[in-house]
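Okay, structure first, notes after.
The values are calculated or read from the model by the stated rules, or taken from the named source; none is laboratory data. Keep in mind the model is a prediction, meaning the values are calculated, not measured. Cβ sites come from the backbone with ideal geometry, for glycine too, and all protein chains shown count toward neighbours.
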2 protein chains.
Amino acid sequence: MTTEVTRTLARWVVGSKLADIPANVRHSGVCSFLNWMGCAVGGSQHETLDRAIAALAPFSGPGQATILGRNERFDVLHAALLNGISSHVFDFDDTHLKTIIHPAGPIASAVLALSEFMPVTGAELLHAFILGIEVECRIGNAVYPAHYDIGWHITGTAGVFGAAAAAGKLLGLDEQQMVWALGIAGTQSSGFREMFGTMCKSFHPGRAAQNGIASAMLAKQNFTSSNRVLEAPRGFAHVMSVKRDFNEITGELGKVWETALNSYKPFACGIVIHPSIDGCIQLRNEHNLKAEDIAKIDLVVDPLVLELTGKKTPQTGLEGKFSVYHSCAAAIIYGAAGEKEYADAVVRDQRIITLRDKVEAVAKDDIREDEAYLTVTLNDGRVLKKHVEHAIGSLERPMSEAQLVAKFDDLARETLPVAQADALRELCWKLETLKDASELARAAAK
Amino acid sequence: MTTEVTRTLARWVVGSKLADIPANVRHSGVCSFLNWMGCAVGGSQHETLDRAIAALAPFSGPGQATILGRNERFDVLHAALLNGISSHVFDFDDTHLKTIIHPAGPIASAVLALSEFMPVTGAELLHAFILGIEVECRIGNAVYPAHYDIGWHITGTAGVFGAAAAAGKLLGLDEQQMVWALGIAGTQSSGFREMFGTMCKSFHPGRAAQNGIASAMLAKQNFTSSNRVLEAPRGFAHVMSVKRDFNEITGELGKVWETALNSYKPFACGIVIHPSIDGCIQLRNEHNLKAEDIAKIDLVVDPLVLELTGKKTPQTGLEGKFSVYHSCAAAIIYGAAGEKEYADAVVRDQRIITLRDKVEAVAKDDIREDEAYLTVTLNDGRVLKKHVEHAIGSLERPMSEAQLVAKFDDLARETLPVAQADALRELCWKLETLKDASELARAAAK
């Protein structure tokens, strides 16, 4: 079963037709793209972008492609890098829960930039985008969790394969060229989890997008690589993981779709505190809670919550994202935990701090990651309870389209005028029917 | 001893002064640069370059930097990539024997391209080049051989650190920025040995050069990374190796110089067959041997020779490089084993084939890798013997300057007019005194 893994995958990508992809998968693709676009436009003003642009602008080629949410234009490779950074900089993008891959960043950044370089219809872009996600997540499935546990940032390491496959599909690579594209991509697979908390984290999906396009462009010119990058004894799965299951890559191709398993974050913070935030917002809305009425908030949560997000006195917005205490206070006061609720000023607001100090959290081993128990004690003695079985945003309780739209609007309207943001959103929903996919990029320029 | 590894290294690079580097090390640096330049100019017409240029030219920025041996000009990042490919495509570049790193490719390609973008003197270029080699080889020493054995092409994985350090030195990074530059570089460290035998092998040092420059440029703009990319539990040495010795990185900095241990290949093929070739050339010259006079050539060699280069009937030049039989036949007939002796036509020449078929090789376990025993039986019954204790090119028997010059001339004159090749060679020897290092690049343009 370990023969021809790379070739089997390449052959499937080359032969795939959009009509063979079920409607629900195509719809998931559109939702993933919309969510990605909102995150990228929303993140585009971050100083991470400013610094990357200052460093790399002198080396950019012609202004072939849009930097979303900004007025600069760069060559296709640099545009893919920069849009990939924007889309991940808030840690608010999509999640393939089986592998913790954030699938859209490397792929959408690649195909959208390419759509400004060559004729690409919306249907072709959606098709390539979905295939890229399949390649990326299947490769992730094959090596997760050992690969991630060692220290690889799987969004970068698996993402570069997906970006190469998606770009290669748009470029019309033949089977051998697609094999080479995966090989050239794989030999650039990189990115350490050690970089979490620094600007390099969002650099990873951006670089994966950029290197994926370059791999496909090189393969198109018959630049050769190994034919067995995935399965060879000195290839990706053996060198970068102690666990590998190639059946995850080649099994049930075209039958099981990872794209349909993509999920979207309702809250702009680590996924482990989402159940607590969800519970706070539900109780707030059901009982019209005011911060001033609350004596105490008790949480019973998965141990990971305290391990990863146990910061009691965060001082900055970024630290707030690693504080279940701040997150719950913001959820009660604002009824939300979007990017705005993690602004520095919000984290330092005295009303937030007062409520934050009333939150206590206890870990329990037998609680699932997407589960939480909340008890809110009011000053008048009432006790309100909430058991969140599955947090909003989980596969069991996905965000509704209305919630996705609200998230998009929140993010896009921070950067673009409301009318432009709304028009961009509608264009994203129409993705599959667009005659010229590059319209999307132009509609997101400032 | 595992604290502050990255910072200690960065601080040393930032604080280093050229005057602190011993004269013999500076001379090794000049020899390494000359050897690199010859390889790059000689390799510049290879189809690997043609394909990479066809793929990437549409995305290049302004023509800031020279592609050695050619008439194209590209932005600094792409020029570093392409010159890095040229310099490794013949597998004829330098070797740090302790780690099998080919040190110059990632570093020289980076600093030379930068010298066309900003004012850099020859002394500054040489200084940055030597520091880059130190960083690269020290990091290699820390993880070799486990890192290489797993399947990493160490010239790429360690090279990107060296390129970032060298570029960062030229850019005048401060200590914190140098730490970040190493971090950004490290999180891009990549390249599988699985790619050997394909165009991706020479892509590795090129991409390392390119990514190293980008890392330094980003760090100069305060793009952040981990402060502990080398030593952190999820950093380079733990994620990419099962062996690590951080003392190899920070021990005796400025006292032990890896640059002085660099070696140069006299023959354009795998280093394991160099002792046999060396012996053939010595016997040929001592006895004025003619192919027609030879009845039989018997070799006793290290087992690796047969494992790696045991091809009895090579059909192409590339296969010839993996044939100890062809290599010995060419050595007897031409007195050389440069790139020309591995042309397809030479491999298929009947005179070569006839002699090749008279070569027999036997492996013996107790023979060192740089050792060989040769017995040549002549048609007139005479028997000639030669014991090569250390092949030419080894640390014990380094190439003379005259041999380095002959190698350079052979390579450079294949691409450039003789007068231009000679002028370029003289400019390389004067490296340390050049007012403007970019003169070197311009002198190597076609």
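If you check A:405, A:418, A:383 for being surrounded by 15 or more Cβ atoms within 10 Å (Cβ to Cβ) and among the β-branched types (Val, Ile, Thr), only one passes: A:405. A single member of B:10, B:19 is more than 10 Å from chain A (Cβ to nearest Cβ), part of a helix (DSSP H, G or I) and free of Cβ contacts under 8 Å to residues at least 12 places away in the same chain, and it is B:19.
Return the residues of segment A:95-107 that are assigned to a loop (DSSP other than H, G, I, E, B) and either surrounded by fewer than 24 Cβ atoms within 10 Å (Cβ to Cβ) or within 14 Å of chain B (Cβ to nearest Cβ) (or both); say none if nothing qualifies. Selection gives A:97, A:98, A:100. In the set A:61, A:42, A:38, A:29, only one residue is over 22 Å from the mean Cα position of the chain (by Cα) and either under 23 Å from residue A:442 (Cα atoms) or of a type in the set (Asp, Glu) (or both); that residue is A:61. The listed residues are A:331, A:337, and the only one of them that is under 14 Å from residue A:269 (Cα atoms) and part of a loop (DSSP other than H, G, I, E, B) turns out to be A:337.
Scanning segment A:231-255 for residues that are more than 10 Å from chain B (Cβ to nearest Cβ) and touching a Lys or Arg at 6+ places or on another chain (Cβ under 7 Å) returns A:237, A:248, A:249. Quick check on my filter: what residues within segment B:84-94 are part of a loop (DSSP other than H, G, I, E, B) and under 8 Å from the mean Cα position of the chain (by Cα)? Passing the criteria: B:91, B:92, B:93, B:94. Listed by first and then second residue, the pairs linking a residue in segment B:235-257 that is under 21 Å from residue B:132 (Cβ atoms) to a residue that is of a type in the set (D, E, K, R) and part of a helix (DSSP H, G or I), with Cβ atoms under 7 Å apart and 6 or more places separating them unless they lie on different chains, are B:235/A:194; B:248/B:138; B:249/B:138; B:254/B:20; B:257/B:134. When segment B:215-230 is filtered for residues that are over 23 Å from residue B:244 (Cβ atoms), within 7 Å of chain A (Cβ to nearest Cβ) and touching a Lys or Arg at 6+ places or on another chain (Cβ under 9 Å), the ones remaining, listed by number, are B:218, B:221, B:222, B:223, B:224. Counting residues in segment A:134-152 that are polar (S, T, N, Q), in a helix (DSSP H, G or I) and either within 14 Å of another protein chain (Cβ to nearest Cβ) or in contact (Cβ under 8 Å) with a residue 60 or more places away in the chain (or both) gives one or more.
State whether the residues of segment B:26-34 include one that is under 26 Å from residue B:130 (Cβ atoms), modelled with pLDDT of 95 or more, surrounded by fewer than 17 Cβ atoms within 10 Å (Cβ to Cβ) and away from chain A (no Cβ under 14 Å). Yes; the residues of segment B:26-34 include at least one that is under 26 Å from residue B:130 (Cβ atoms), modelled with pLDDT of 95 or more, surrounded by fewer than 17 Cβ atoms within 10 Å (Cβ to Cβ) and away from chain A (no Cβ under 14 Å). Filtered by the rule that a residue be over 21 Å from the mean Cα position of the chain (by Cα) and away from chain B (no Cβ under 14 Å), segment A:108-121 gives A:119, A:120, A:121. Selection over segment B:59-83 of residues that are within 7 Å of chain A (Cβ to nearest Cβ) and either among the hydrophobic types (A, V, I, L, M, F, W, C) or not in a strand (DSSP E or B) (or both) gives a count of 5. When residue A:307 is tested against (1) closer than 30 Å to residue A:412 by Cβ; (2) within 23 Å of the chain's Cα centre (by Cα), only condition (1) is not met. Just for segment B:354-385: of the residues that are of a type in the set (A, V, I, L, M, F, W, C) and within 30 Å of the chain's Cα centre (by Cα), which one is nearest to residue B:297 (Cα to Cα)? The extreme case among them is B:359. State whether one or more residues within segment B:338-350 are touching a helix residue (DSSP H, G or I) at 6+ places or on another chain (Cβ under 9 Å), at pLDDT below 95, surrounded by fewer than 18 Cβ atoms within 10 Å (Cβ to Cβ) and small (Gly, Ala, Ser). Yes, segment B:338-350 contains at least one residue that is touching a helix residue (DSSP H, G or I) at 6+ places or on another chain (Cβ under 9 Å), at pLDDT below 95, surrounded by fewer than 18 Cβ atoms within 10 Å (Cβ to Cβ) and small (Gly, Ala, Ser).
Okay, residues lined up against (1) more than 10 Å from chain A (Cβ to nearest Cβ); (2) outside any helix (DSSP H, G or I); (3) surrounded by fewer than 24 Cβ atoms within 10 Å (Cβ to Cβ):
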| residue | (1), (2), (3) |
| --- | --- |
| B:156 | no, no, no |
| B:163 | yes, no, no |
| B:168 | yes, no, no |
| B:177 | yes, no, yes |
| B:184 | no, no, no |
| B:190 | no, yes, no |
| B:197 | no, yes, yes |
| B:202 | yes, no, no |
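Please tell me if residue A:113 is farther than 19 Å from residue A:262 by Cβ and assigned by TED's automatic domain parsing to the domain that holds residue A:182. Taking the combined requirement at face value, the residue satisfies it.
The numbered conditions (1) surrounded by fewer than 24 Cβ atoms within 10 Å (Cβ to Cβ); (2) closer than 14 Å to residue A:212 by Cα; (3) of a type in the set (Val, Ile, Thr) are all true for residue A:150 except (2).
Pairs meeting the criteria (first residue in segment B:377-394 and closer than 11 Å to residue B:282 by Cα, second residue among the aromatic types (Phe, Trp, Tyr), beta carbons under 7 Å, at least 6 apart or on different chains) are B:387/B:373. The condition of being of a type in the set (Asp, Glu) and assigned to a strand (DSSP E or B) holds for only one of B:360, B:426, B:432, that being B:360. Taking residues in segment A:49-70 that are over 25 Å from residue B:73 (Cα atoms), and partners anywhere that are of a type in the set (Lys, Arg) and in a loop (DSSP other than H, G, I, E, B), the pairs with Cβ atoms closer than 8 Å and at least 6 places apart or on different chains are A:49/A:70; A:69/A:446; A:70/A:446.
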